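Asker: There's a structure below that I have some questions on.
Computed from the coordinates by the stated procedures, all read-outs in this text should not be read as laboratory data. As the structure is a computational prediction, the values presented were derived from the model and not from experiment. Cβ sites come from the backbone with ideal geometry, for glycine too, and all protein chains shown count toward neighbours.
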Amino acid sequence: MGRLNSINPADGSVVGSVKISTKSDVANAFKKAKKIFPLWSRTPLEERIEYIDKFAEEIQKQKEELAKIITLEMGKPYKEALGEVAGCRETIRYYTKKGPDILQEEIISKENAGERKIVFEPWGVCGVITPWNYPISLPINKIISNILVGNTVLFKPSEYTPLCGQKIVEIFKKVGLPEGVVNVVFGDGKVGKMVVDTPVNFICFTGSSKVGQEIYQKCGRKFIKCVLELGGSSPALVFADTDLNSAVENLYWARFSNCGQVCCAVKRVFVEDSIFHPFLERMIEKVSQKKIGDPFTDVDFGPLVSKKQLDLLVSQVKDAIQKGAKVEIGGKRPEGREYRKGNFFLPTILTNVNFKMRVLKEEVFGPVLPIMPFKNIGEAIKMANKTQYGLSAEIYTSDPKKAEELTKDLQAGVVAINTHSFFSREAPFGGYKKSGIGREGGKYGLRELVQIKYICRE
Ligand code: NAD
């Protein structure tokens, strides 16, 4: 049987390997999930939560080990990987605390013997398919929320981070989760297709819009529901009346954290022309102070996840330069022996950009920031919305009225004002346009994972 190697993107070495799942492995994993569903879905919620609490404790105990696997497999700086693992505990705590209220039946009316109420019931087996950029937190979020509501899971992690997926399932086993509730299969898109082709009742997918669209079409033919969290090319609008230092701080983080490999990263910045140059100068200064290198050392940038992503990024930057973009900083791979074997790319700022360039038309999943000036608010809105995506958008201004008005114009599932730290466990996350269907997280996210039944008794 074939094996899938996990490659360290910092030096090309093999970190470990897993067996690639065959069609019959996927079918068996599905059968296990289906078989235990009646028992699991009728297990009292408090009991399901006990397993989840034990899982959260184990995550805490193994946080260094988990962070190490993240860094080894996808190159995220170790300190950021530790942050990713810490965030999982918070997410789990939210679900176990707030979940029971959100899933509580709702009485509409009660009169004498009569009653009208709404109850929430699990779908059945959920296919969970995830990407590599948050290889521990994204799967955990989806799996925990699904098993909390009573679904069982057929899980396929990214082919670039199989060991993270394996570790998650090992921890479920360690805490005694009944066999079959969470089942893992390994491989690339072919195995992902096999998961979608099983008779799963529901799919939770995070990944590119291209694959999301394919899954959406298949789900349509099968008549099953899916929640799709997809790509983005989030804009930021920076107005002349903003606090410039704070805007630069926020937008540095918004574009460059996780080496630019974040769905809701700000991938296009539009700056009011009167402050374009001071903004640009400060951003260049900030980027020039950052360190790139071995992600287990004290660096700001590790490598990109794979050679494929590096090649894609290089081709997008090349296209921009050929069409007249100016490289303000970066624009190429770093020089030096220590970088040769890894997928490193220097943090980059481009100006003189236009909408014919791929860096503005496509999602750019790496540390490259195109900055463009705008003359007035109307032009700014047009440029922000000139994209197939609609995941998030950011506004930087000291005028609250202007910001509030702008929230109505921006086509995005999340609009943040004067901050990039918009993530909240209570808030629904998801996109407009090709950035997704449905929401994840909070009350609205949890309710996506259940069927709604209305019961009426006279
Ligand atoms: P991808 O779409 O290539 O792969 C995602 C997952 O789908 C992987 O497990 C892959 O093996 C699987 N897959 C590939 N082809 C498939 C198919 N035909 N059928 C079923 N499964 C298939 O995406 P990626 O490169 O792993 O991740 C990067 C993308 O994910 C970016 O576009 C990013 O914006 C997006 N993303 C979105 C969010 C969000 O919440 N909106 C979060 C993180 C990442």
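Asker: Scan V119, V128 and give me the residue that is assigned to a strand (DSSP E or B) and within 16 Å of the ligand (Cβ to nearest atom).
Answerer: Only one candidate passes the filter, namely V128.
Asker: What number goes with the only condition from (1) β-branched (V, I, T); (2) in contact with a Pro (Cβ under 9 Å, 6 or more places away or on another chain); (3) surrounded by 19 or more Cβ atoms within 10 Å (Cβ to Cβ); (4) more than 17 Å from M74 (Cα to Cα) that T351 does not pass?
Answerer: (3)
Asker: Of all residues in region 437-453, count the ones that are within 15 Å of the ligand (Cβ to nearest atom) and in contact with a Cys (Cβ under 9 Å, 6 or more places away or on another chain).
Answerer: 4
Asker: Could you check V327 against (1) more than 24 Å from the chain's Cα centre (by Cα); (2) part of a loop (DSSP other than H, G, I, E, B) and say which number it fails?
Answerer: (2)
Asker: Restricting to region 384-439, and then to whatever is of a type in the set (D, E, K, R) and touching a residue at least 60 places away in the same chain (Cβ under 8 Å), can you tell me which residue is surrounded by the fewest Cβ atoms within 10 Å (Cβ to Cβ)?
Answerer: E426
Asker: If we only count helices (runs of 4 or more DSSP H) wholly inside region 354-458, which ones have 3 or more residues that are over 30 Å from G99 (Cα atoms) and acidic (D, E)?
Answerer: Here the list reads 400-409.
Asker: Mind checking which residues of region 354-372 are crowded, with 19+ Cβ neighbours inside 10 Å and out of contact with any Cys (no Cβ under 8 Å at 6 or more places or on another chain)?
Answerer: Listed by number, the residues that qualify are M357, V359, L360, E363, V364, F365, V368, L369, P370, I371, M372.
Asker: Sticking with this structure for a sec: Which of the residues spanning region 204-231 are surrounded by fewer than 22 Cβ atoms within 10 Å (Cβ to Cβ) and in contact with a Lys or Arg (Cβ under 6 Å, 6 or more places away or on another chain)?
Answerer: Listed by number, the list holds a single entry, S209.
Asker: State all residues of region 150-166 that are assigned to a helix (DSSP H, G or I), surrounded by 24 or more Cβ atoms within 10 Å (Cβ to Cβ) and either more than 10 Å from the ligand (Cβ to nearest atom) or at positive phi (or both); if no residue qualifies, say none.
Answerer: Selection gives C164 alone.
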